[in-house]
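This is the structure I want to talk about, given as C-alpha cells.
Any read-out appearing in this document is the output of simple, stated calculations on the displayed coordinates, not a laboratory observation. Keep in mind the model is a prediction, meaning the values are calculated, not measured. Quick reminder, even Gly has a Cβ in these numbers, built from the backbone with ideal geometry, and neighbours come from all protein chains shown.
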Amino acid sequence: MNPLPLDLQLLNACASLLLLLSFSMLAQRRVVNLVNLLALQGALLCFATVLVALRTGQAHLYLSAALTLALKVIGLPLLLHRLIRRLGVYWDAEPVINPSGTMLIGLLIVVFSFGLAQPLAALASTATRSTLGIAIAVILLAFLAMITRRKAMSQVVAFLSMENGLFFGAMSATYGMPMVVELGVALDVLVAMLVLGVFFFQIREQFDSLDLHHLESLKEVE
Amino acid sequence: MELLLLLGTPVLGALVLWAFGAHRRAAELNVLFSATTFAAACALTVQVIARGPVLVLHEQFLIDAFNVFLVTLTAFVGLTTALFSRPYMRIEAEHGRVGAPRLRLYHSMYQLFTATMLVALTTNNLGLLWVAMEAATLSTVLLVTLYRTPASLEAGWKYFILCGVGIAQALFGTMLIYFAAERVLGAAGVTALLWTHLNAVKGQLEPAVLSLAFVFLLVGYGTKVGLAPLHNWLPDAHAEGPTPISAVLSGLLLNVAIYAVVRCKILVEGSLRSALPSQMMMGFGLVSVVLASLFLWRQRDIKRLFAYSSIEHMGIITFAFGMGGPVANFAALLHMTVHSLTKSAIFFAVGHAAQKAGTQLIDNIRGLLTLSPTVGWGLMLGSLAILGLPPFGVFASEFLILTTAMKQQPWATPVLLLALAIAFAAIFGKVQPMVFGDTEARRLPHPPALLPVFAHLAIVLLLGLYVPPYLAGWYRDAARLIGGP
Amino acid sequence: MTPLDITTQLLQVLCALALAPAFLGWVNQCRAWLQNRAAPSVLQPYRGLRKLLIKESVLAENASSLFRFAPYIVFGTMVAAAAIIPSMGTGLPMSLAADGIALVGLLATARVFLSLAAMDVGTAFGTLGARREMMVGFLAEPALLMTLFVAAMISHTTSLPLIAAELTNRAPALYPSLAFTAVAFTMVLLAENARIPVDNPATHLELTMIHEAMLLEYSGRHLALMEWAAALKLFNYACIGFALFLPWGTSREAWGPAGLALAAPLLLLKLALAGGALALIETVSAKLRVFRAPEFLATAFLLAVLGLLVHLLLGD
C-alpha cells in the first residue's frame, strides 16, 4: 500500500487535530484557554488552506488563508482577550451536562457526522474529500458546545468554532466557496463580533455579570 | 440603474444618518430616504413589467416576477414604517426612553436593515443571499436592545444566538448546493452559486446532496422565518424592541426569510423530483400554525400576542408553498402581501395604544375606543383583518389556501381550520375588551396620526375585494416560477 | 520454531526480569534529577529486592492461602506477559499462544488476584486500595483495548509481533490515528502503573494511595515478588508502547543473530528515553484527586476512540 503524498498526510493530520481541538473546547472551562484554542483552530485552518492552495494552485485560497490568519488567528482572539480582560470573565460556570456526558454525546456526534459524510465524500472529486466528515463533526461539536455552555463568552467562542468548521467543510468538499461569498462571510463574522462587543457591555451594564442565567426570564408562556 | 438607486439609497441613508442621526430633522431624513427607495422600487417594477426579468451586474442580481413584488412591498412598508416611526420615536425620546446617540443608531440601522433586505431579495447569488440574511440579523440585534432593559437584552441575545446558529446551518446548506453544482457547472466556481444557472441545470444536480442541503437550508432560514420549534427568538424580539422594528421584523424580515426558503425549494424540487421538500415544508408549517395558535391563549403582552400570530401566519404561508401548484403558490404570495400589510398596521396601532397606556400588558390596556377612537378602530379592524374575516384580503388568501388543501392534502384541512378557529377565539377574546372595555382615563386631546394604519388596511381591504389584473398576472407568473409537485 | 527463535524468547524473558527493576530505578533517578534532589542509584530497586528476599515474611493470622499464592500468580502472569510482547525480536514462539487481546486479559488476571489478596486480610486500607484499583482498571482496560484495536486495524492482525513487524514494513507516514492512541496509551500507562497524576508511588498517604494500599500487609519475599511484578508491569507497558508506536529496531527472524545483537542496545536506548519522558510527565503534572481519576481515564478512552474513528474515516 502506497502512503498518501506528504501534503495530504499533513492535511489529514491537521483535520485530526481540528477534531481534537473541538473536543478540548468542549472540555475546557477557562474562557481564556478557550479563546487560545480558538486561535489555534484558526491557525490550523489557515495552514490547511495554504496546503490545499499549494496543491491546487487556486489563488483565491491564498486570499482566504490570509483572511483566516488576519481575522481568526489574530484579530478576533485579540478582541476577545481584550473583552475578557475588560469584563473580567475568566471561568465558565459548571456546564449544563457533566463533562463525561458531554464527551460521550460528542463521540456519538462524531460517529454520526462521519456516517453523514460518507455518501457526500464519495461524490466529491477533491483530493481532500476524506476530511469532510471531520468538518461536519467540528460544526456539530461546536453546536453541542453552544448548548452546554452558560457564559455568553463561551457561546460566542463556540459560534466562531462553528464558523471555522464551515470553512473547513467548504474547503474539503469544493476547495472553498467563491471569493465573493467568502469575503461576505468574513465581513459578517467581523461585524457580528463588533455587535457582540457592544452587546457584552450592555449585558454587563445591566446585570453586572455575563452569566446567561440572568437571561432566562422571558418564557414562552407567562 | 434603478437597481443601483434602489440598493444605493438605503446604504447612503445609513451612512448619512450615522453622521446626522441625532439631528432634529433626522426622522424626516429617514422618511426621505425611504421614499426615494420606494420610488426606485416602483421604477424598477415598471421596468420589469415592461421588459420581463432583469439580470444585471455580472448576473449577480436578478429581478423576476417572484421578487419584484416583494421588493415593492418591502420598500412600501419601509416607507410607511418610517412615517409611523417619526412621531412614535419622538414621543419615546420625550419620555426619555431613548437618547440622541440611540436615535442615531436607530435611524442608521433602520436604513441598513432595509438595504440588507433588498439585497437579499434581489441577489441572484445564493452565497450573497446568505450574507445579506446574516447582515439583516446583525443590523437589527442592536435595535432590539435599543431600550437596554434586562428583558430587551435577553431578547437581543436570544435573537443573535438562535439566528446565528440557524444561519450557520443555512451556510452549510448553501455549501452543499455549491458542492453539487460544481460537479455540473464546472470548477470555475463563479457561476456555480448563481440561481439562474442552478435553475437551468437543476435536473442534473445530485439528489442525495440536495436533499441534505435542503434540510439544512430549511432549518437555517426556517429559524429566521420563525417556524416552530425554532421560533423562540421571535416573540421576545418583537415584544422588547421598539414598535417600528416589530413592524418591519414581522412584516418584512419574515417574508424575506420565506423568500429564501422558496428560492432554495425551487432548485431542490427540480433536482429531487420527489415530494420531500414539500412534505418538510408542510410539516413545519402545520406544526407552527398549531403551536402558535395554542400559545396565543397564554399571552399577556399585546406585542407578544401578535408576534405569535406572525408565527401562525408564517406557518400558513410555508404550508401553502409546501403544497405547491399554481393556486396554492398564488394564495401564498397573496397571503405574504396581505399579512405583511396587516401585521405592520396592527403593530402601528398597538404601538400607539401601548405608548398611551404606558404598558404592553393586555390587562392594563382598556377602553381604547374612549381613549382615542382612531387607535381603537385601527386595532379592531386590523385584528379582524388578520383573523381572516371577509372582506379583507387575508380572508381571500386563507380561503384559497384552505380550498386547495381540501383538494390536495385533505388530511391537513381540519387541523388548519381548528388552529385558525383557536387563534380567532384567542385574539378576538383579548383584543375586544382592550378596544371596547371601560376606562377611567380621559380622552386624549389630539388624535394620533394613523395614516399608515388606515392606508395599509385600505389596501388589504381592496385586495380582498378585487385583485388588480396586473397584480394577479404577476402573482400567477411567480406562482408558475415556483411550481410544485 | 528455529533455535534462534527460542534463544530470542529466552533472552527476552531474562532481559525483562533483569532490566525491569533497573528501568524503575532509572525513572526514579530521572525524577530526582528533575526535581533537584540527590538521585538514588539506578540499582536501588535491586538492593530493595535483595533486602526483602533475605527478610522473613510475616503473614496475618487470618490470611488464607490465596494471600500466600497471589504474589506468585501475579509475578507469573507478568513474566508470561513479558514473553509475548515483542521487546527484542518478533519471532516469538510464545506469541503464537496469545495475541494482544489475550495480553490484556493476562494483565487483568494479575489485577484480579492482586485485589483479591488485598481484601483477603480484611483491613480497611487493603479493601480501599482494591476498590480504587478495580475502578482504575475498569476504565483503563477499554482504552487499552481501543488502542490495540487501532493498531490491529492498521496492520490487519491482533498478534503483537505481527503488528510490530507490519508497522516497521510501512513507509514512514503521518498516522493521526496512531498519534491519538499513543497519547491515550501513555495516559493508560500512567494510570495502570500507579504513577502521578493518578497515584503516587512515593507516598503512603492513605487518602490518595491506590497501589501501595494493597501491598501494606505483605512482607519479605512476598513483598519482593509483588514489587518485582510491579516493576515488570511498567517494563511490559513500556514495551507494548514500543511495539505499537516505535517498532523500529525490533529484531526479525530474517535478520538472524545480528538483528538480536542490534535490538538489545536499541531497546536500552528506547527504555532510557521512555524513562526520561515518563519522569518528565510525572514532574510537570500534579496529582489528581482520586475522584478525578475517572475523568482522566475517560479522556484516554475518548482519545483512543477518536483515533479509531479517525482511522476509519481517513483510512490510513
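If you count, for every residue in B:156-164, the Cβ atoms of partner chains within 10 Å of its Cβ, what is the mean? Walk me through the intermediate numbers first.
Numbers: counts 5, 10, 4, 0, 8, 9, 0, 0, 9.
Per residue, the average neighbour count from other chains is 5.
When C:134, C:209, A:193 are ordered from fewest to most other Cβ atoms inside 10 Å of their Cβ, what list results? Don't jump to the answer; show the numbers that get you there.
Numbers: C:134 14, C:209 23, A:193 18.
Listing C:134, C:209, A:193 from fewest to most nearby Cβ atoms yields C:134, A:193, C:209.
Could you tell me, in Å, what Rg and Dmax come out for the Cα atoms of region B:275-485?
Rg and Dmax of region B:275-485, Cα atoms, are 17.8, 59 Å.
If you place +1 on the Cβ of every Lys and Arg and -1 on the Cβ of every Asp and Glu, how big does the dipole about the Cα centre of chain B come out, in debye to the nearest 20? Mind dumping the intermediate values first?
Numbers: 29 positive and 20 negative charges, 110 e Å.
That gives chain B a dipole magnitude of about 520 debye.
Per the Kirkwood treatment, what hydrodynamic radius in Å, one decimal, follows for region B:272-315 from the mean inverse distance over all distinct Cα pairs? Write down the numbers at each step before the final one.
Working: mean 1/r = 0.0896 Å⁻¹.
Evaluated on region B:272-315, it is 11.2 Å.
Here is a further query. Let me test this: with uniform point scatterers at the alpha carbons of chain C, what is the Debye-based log₁₀ I(q)/I(0) at q = 0.12 1/Å?
The Cα Debye sum returns log10 ratios of -0.81.
If one computes P(r) from the Cα atoms of region A:10-207, what percent of pairs lie at distances over 25 Å?
Details: 6768 of 19503 pairs.
Tail of the P(r) past 25 Å holds 35 percent of the pairs.
Using only the alpha-carbon atoms, how far is helix B:100-122 inclined from the longest principal axis of chain B? Give it as 0 to 90 degrees, nearest 10.
Value to nearest ten degrees: 30.
Given a Förster radius of 45 Å and the C-beta distance between residue A:81 and residue C:283 as r, what FRET efficiency does 1/(1 + (r/R0)^6) yield to the nearest 0.05?
Working: r = 30 Å, r/R0 = 0.67.
After rounding to 0.05, the efficiency reads 0.90.
Along the principal axes of its C-alpha atoms, what lengths does region B:56-179 span, in descending order and rounded to whole Å?
Result for region B:56-179: principal-axis Cα extents of 52, 30, 19 Å.
Excluding same-chain residues fewer than 8 positions from residue B:430, which lysines have a Cα within less than 23 Å of its Cα?
Filter leaves A:219, B:303, B:343, B:356.
Given B:322, B:462, B:347, which one lies farthest toward the positive end of the charge dipole of region B:275-485, if we put +1 on the Cβ of every Lys and Arg and -1 on the Cβ of every Asp and Glu?
The listed residue farthest towards the positive side: B:347.
Return the Cα extents of the protein assembly as shown along principal axes one, two and three, sorted largest first, each rounded to a whole Å.
110, 63, 56
Here's a follow-up. Which cross-chain or sequence-distant (5 or more) residues have an amide H under 5 Å from the amide H of residue C:159, H modelled 1.01 Å from N in plane?
C:100
Amide H neighbours of residue B:409 under 5 Å, at least 5 residues apart or on other chains, H built in the peptide plane: list them.
The list, which skips near neighbours in sequence, is empty: none.
Follow-up question, since we're still on this one. Which ³J(HN,Hα) values, rounded to whole Hz and listed in residue order, are derived for region B:460-468 from phi using the Karplus coefficients 6.51, -1.76 and 1.60 in 6.51 cos²θ - 1.76 cosθ + 1.60 with θ = phi - 60°, glycine and proline given as x?
Going residue by residue, I get 4, 4, 4, 5, x, 8, 7, 8, x Hz, with x marking Gly and Pro.
Ratio to report: Rg/Rh of region B:248-381, with Cα atoms as the point set and Rh obtained by the Kirkwood method; give two decimals. Walk me through the intermediate numbers first.
On the way: Rg = 17.4 Å, Rh = 16.1 Å.
Ratio value, two decimals: 1.08.
Which lysines, on any chain, are close to residue C:55 with Cα under 29 Å apart, when same-chain ones fewer than 8 places away are left out?
C:233
Report the gain in length on full extension from residue C:50 to residue C:262: 0.36 nm times residue separation, minus Cα-Cα distance, nm rounded to one decimal.
Values: separation 212, 0.36 × 212 = 76.32 nm, distance 3.10 nm.
Computed gain between residue C:50 and residue C:262 is 73.2 nm.
To continue, here is another question. With Rg and the Kirkwood Rh both taken from Cα atoms, where does Rg over Rh land for chain B?
On the way: Rg = 21.2 Å, Rh = 22.3 Å.
Over the Cα atoms of chain B, Rg/Rh equals 0.95.
Then there is this: Only helical DSSP H runs with n ≥ 4 go in: add -39500 (n - 2.57) per run for chain A, normalise by residue count and round the 222 nm mean residue ellipticity to 500 deg cm²/dmol.
On the way: 8 runs with 164 residues, N = 222.
Rounded to the nearest 500, the figure is -25500 deg cm²/dmol.
Under a point spin-label approximation (7 Å from Cα along Cα-to-Cβ), what is the residue B:58-residue B:275 distance to one decimal in nm?
A separation of 4.3 nm, rounded to one decimal place.
Distance between Cα centroids, region B:267-315 to region A:1-69: provide it in whole Å.
39 Å
If you take the charge dipole of chain A about its Cα centre, with +1 on Lys and Arg Cβ and -1 on Asp and Glu Cβ, which of A:71, A:9, A:146 is farthest toward its positive end?
Comparing the listed Cα positions along the dipole, A:9 ranks first.
If you don't mind, there's one more thing I want to ask. Apply the a/c threshold of 1.5 to the C-alpha gyration tensor of region C:1-94 and tell me whether it is rounded, prolate or oblate. The partial results should precede the final answer.
On the way: a/c = 2.66, a/b = 1.14, b/c = 2.34.
Taking the square roots of the gyration eigenvalues as a ≥ b ≥ c, region C:1-94 is oblate.
Please give the average number of partner chain Cβ atoms lying within 10 Å of the Cβ of each residue in B:291-297, rounded to a whole number.
On the way: counts 1, 0, 0, 1, 2, 0, 1.
For this peptide, the per-residue mean of nearby foreign Cβ atoms is 1.
Within 10 Å of each Cβ in C:178-188, how many Cβ atoms from other chains are there, averaged over the peptide? Intermediate results must be reported in sequence, preceding the final value.
Working: counts 0, 4, 4, 0, 0, 1, 0, 0, 0, 0, 0.
Whole-number average of other-chain Cβ neighbours for C:178-188 is 1.
Can you find, among A:27, A:56, A:105, the residue sitting farthest towards the positive end of the charge dipole of region A:10-207, where Lys and Arg contribute +1 and Asp and Glu -1 at Cβ?
After comparing all options, I get A:27.
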